[in-house]
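Asker: Starting off with a structure, shown below.
Read-outs: derived from the displayed coordinates by stated rules, not from any lab. Source: prediction; values computed, not measured. Positions of Cβ are generated from backbone atoms using ideal geometry, with glycine treated the same way; all protein chains shown enter the neighbour counts.
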Amino acid sequence: MKKIFILIIPILISCKAFEVNNSACNENEKFKEKFFYHFKNIENNIAISQDSTFIKSVIFISNYAPISINHIMNYSRTYPIGIFEKDRIKILEWYEENKCQNLQFKNSYIIPEVYQDGSTP
């Protein structure tokens, strides 16, 4: 019985520490909703339609998380699916690292050079 008690105490302490750390997270739910709306839009349309809505999503995400914008500056000005697959990991890692910092929307967004001339694919 004494051995079980000794094993349970550290588990309870670590669970309590996790609860304290988890409750300190100040995640902005509105930001999360919009961020993942744009992320899913990119994910769902990258191989189908890279229209103006898709581009707005790329611009939104690129203003927060790392995206390989230089790879979009190709002949067709499209976001290559292989590059997105690599960026996808970095984007999700960025969100996980920053989600508890009460992320806020920016007042204005930087438009990547590839999308600045106004003519979109």
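Asker: Which FRET efficiency, nearest 0.05, do Ala24 and Arg77 yield, Cβ-Cβ r, R0 30 Å?
Answerer: That pair, Ala24 with Arg77, gives E of 0.10.
Asker: In nm, what is the difference between 0.36 nm times the number of residues separating Glu93 and Asp51 and their Cα-Cα distance?
Answerer: Separation in residues times 0.36 nm, less the Cα-Cα distance, equals 12.5 nm.
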